[in-house]
Every structure is written in C-alpha cells, then in structure tokens.
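> Take this structure, written in structure tokens, and hold onto it; I'll ask about it next.
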C-alpha cells in the first residue's frame with residue numbers, strides 16, 4: 001500500500017474533511033502523521049522518503065529530488081494556492097512527473113457568492129443604511145442607490161473565481177467584460193464575455209470585480225493612475241488578493257468619494273487595531289471571510305480524496321487545479 005504524508009497545518013483535519021471523506025482517504029493508502037499540529041522537521045524529512053503523495057497546508061519540505069523524495073508522485077496543497085516557485089523547485093517536479101495540485105477550486109463557489117452579496121450590499125447601501133438607522137440618521141426611501149440589473153460588469157482575471165461567478169450574474173442581465181492577459185479573446189468570447197483592455201474595463205464598468213490570482217506580473221496592477229479611471233458612480237469589489245492593488249490609493253480615493261468599494265482581503269492580515277483602513281469611508285469591509293464557510297473548507301477534503309483515489313489508480317486528477325509548466329514561474 002502506498003503512503004500519504006498528511007500534514008495539513010495550518011488547516012485542521014475536521015475543517016477540511018467530512019468524516020466520511022477522511023475515512024475514505026485512510027482506506028486508500030497508509031497515512032503518515034495525519035494530525036492537526038505541525039509535523040516536526042526531523043519526522044517529515046524521513047517521511048518524505050516514503051511518501052507517494054504529500055498533502056500540506058503550505059510547502060516547507062525542501063527538495064523533491066530523487067534522493068530526498070524517491071517515491072513522490074504528487075503534492076497537494078490545501079492552503080488555497082499553488083506553492084510559490086521560491087519554495088518549490090517546479091523544474092524538478094516536471095522533470096520527475098510529480099503533479100502539483102491546488103485546492104483553489106474548492107473556494108470558488110463560496111467566494112463568488114460573497115462577491116455577489118458584497119456588490120448588492122454596496123450598490124443598495126445596505127450596510128450604511130443599517131448603521132444610519134441604528135444611530136437615528138437614516139434616510140427613508142433613499143433614492144441614491146443603484147442596482148445590478150442591466151449594468152456593465154468588469155471582471156479582472158478570468159480563472160476559477162470568475163467562472164464560478166459568471167452564472168450568478170445571469171438573472172441580472174448584465175453585460176460582462178473581462179481583462180485577462182493570459183487568455184485569448186476567442187476563449188473569453190466562448191465564455192460569453194467580451195475581452196477588453198484594463199483601461200476600457202475601468203472606464204466603462206459599473207461593477208468591477210478583482211478576481212485574478214497574484215502573480216509576478218500583476219503586483220499593484222491597479223495603481224493610483226488606473227484607479228482614477230474608475231467612474232464616480234462605480235463599485236470596486238476586491239476578492240482575490242490585495243497584491244493586485246495600490247491599497248493606500250484605494251483608501252484615499254474612496255475617502256474622497258470617488259467611487260465605492262467592497263474589500264475582503266488586505267495587505268496585512270490580521271489588521272492592527274489602529275490601522276487607518278478601519279476608518280475608511282465608502283467601503284464595506286469583511287475580514288477575509290469570502291471562502292471561510294465550513295462547507296467550502298470541507299469540499300477541499302472531498303476533492304482531495306477523489307483525486308487521490310484517481311492518482312493511485314493511475315488516472316488523472318479531475319477536481320484540483322494542476323500547476324502548468326508555462327505558468328508556475330509567474331506565480332507570486
């Protein structure tokens with residue numbers, strides 16, 4: 001029976017596995033470790049020599065060469081994105097046909113749902129109206145709100161999150177446009193969205209969803225100059241990573257009432273208690289909770305177990321996101 005090094009720390013087993021999926025995983029292979037606490041380095045160095053699959057919260061196991069990991073066939077991360085090329089040698093992985101898989105698709109439906117909720121909340125002033133009513137300053141029959149129906153929606157980054165999000169927009173009859181330099185316009189057209197430049201998207205979209213994964217190429221993609229192109233009555237929803245945006249500029253512009261925003265991710269997490277972001281205006285904040293629903297987390301375990309079963313049968317994985325040789329060196 002093959003061996004699986006199961007070391008999900010910083011995650012815990014009960015938050016990423018339904019009990020039946022964990023039992024199913026244990027029945028497919030011999031489990032090494034399988035505890036909620038961090039596996040000691042001395043132990044994982046030895047376990048790495050025996051493991052065919054390593055399931056980990058983040059990559060911290062060093063080399064995957066033939067000498068240190070002779071049996072390794074797959075790396076499965078349950079943190080949320082592929083390991084950075086700064087910590088994992090992908091050249092060796094591809095040379096040895098070691099699959100590197102990410103659980104990112106498990107989060108997409110929940111993050112998409114949160115994006116829709118934040119967009120509607122910001123457009124209809126739901127959060128501000130609640131606060132105003134509690135303080136006795138509410139506006140009855142407030143007409144200074146907007147709707148998602150029939151609006152132009154811009155999506156930055158058309159990956160897992162965007163593909164899960166687009167179907168949620170269908171009842172609203174939105175015109176959807178996307179900016180993704182990694183995808184040809186013909187592909188986006190087949191998805192039912194228009195391919196546009198970033199400038200066009202920012203200048204013409206009423207709702208702007210930032211859904212791109214962080215890469216070496218999109219650090220501060222939304223610079224101050226780019227953010228200033230957004231229409232004054234538009235709403236920006238930031239869901240993927242703060243890496244993509246000049247956060248200081250975002251706060252200054254929303255404080256000046258240039259546009260509204262909804263933000264779930266931050267440059268520093270958790271935020272210090274005295275961080276100036278906490279006093280920002282015209283923004284709905286949530287503390288990185290878009291993908292935190294327990295159902296989403298436990299879908300990780302189901303997808304992992306399904307793909308482990310496939311891999312051990314010599315079949316390709318069907319659920320998790322496979323690292324592609326052409327893209328991995330672009331990961332942040």
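Read-outs: derived from the displayed coordinates by stated rules, not from any lab. What you see is a predicted model, and the numbers here were worked out from it, not measured in a lab. Note: ideal-geometry Cβ built from the backbone for every residue, glycine included; neighbour counts use all protein chains shown.
> Compute the acute angle (0 to 90°) between the alpha-carbon long axis of helix 126-135 and the principal axis of greatest extent of the alpha-carbon atoms of the chain; round to the nearest 10°.
60 degrees
> Here's a follow-up. Using Cα atoms only, what is the angle between the long axis of helix 108-123 and the major principal axis of the chain, expressed in degrees (0 to 90) to the nearest 10?
With both axes taken from Cα atoms, the answer is about 10 degrees.
> Right, another one. Taking Cα atoms, how many degrees apart are the long axis of helix 160-169 and the longest axis of the chain, rounded to 10 and kept between 0 and 90?
So the inclination is approximately 40 degrees.
> By per-residue mean of other Cβ atoms within 10 Å, what is the highest-first order of 206-212, 145-151, 306-312? Can you show the working numbers first?
Numbers: 206-212: 25.7, 145-151: 14.3, 306-312: 19.3.
Going by the mean number of other Cβ atoms within 10 Å, highest first, we get 206-212, 306-312, 145-151.
> Go ahead and set up a Gaussian network model of the chain, Cα springs under 10 Å, then flag whichever of 213, 126, 283 fluctuates most.
126
> Can I ask one more? Which value in deg cm²/dmol, rounded to the nearest 500, describes the helix-derived mean residue ellipticity at 222 nm for the chain, given -39,500 (n - 2.57) per DSSP H run of n ≥ 4 and division by the residue count?
Details: 12 runs with 111 residues, N = 332.
Per the formula, -9500 deg cm²/dmol.
> Normalised by the number of residues in region 108-285, what is the relative contact order in percent for Cα pairs under 8 Å and 6+ residues apart?
On the way: 301 pairs, mean separation 35.8, N = 178.
Dividing the mean separation by the residue count of region 108-285 yields 20 percent.
> I need to check one value: relative contact order of the chain, counting alpha carbon pairs closer than 8 Å and at least 6 residues apart, in percent.
Values: 614 pairs, mean separation 61.6, N = 332.
For the chain, the relative contact order is 19 percent.
> Using a Gaussian network model on the chain with a 10 Å cutoff between Cα atoms, which of 154, 192, 79 fluctuates the most?
Checking each option, the largest mean-square fluctuation is seen for 192.
> Turning to a different aspect of this structure: Of the listed values (1) 40, 21, 19; (2) 32, 26, 20; (3) 43, 31, 19, identify the label whose number matches semi-axes √(5λ) of the Cα gyration tensor in Å calculated from this model.
The value computed from this structure is option (1).
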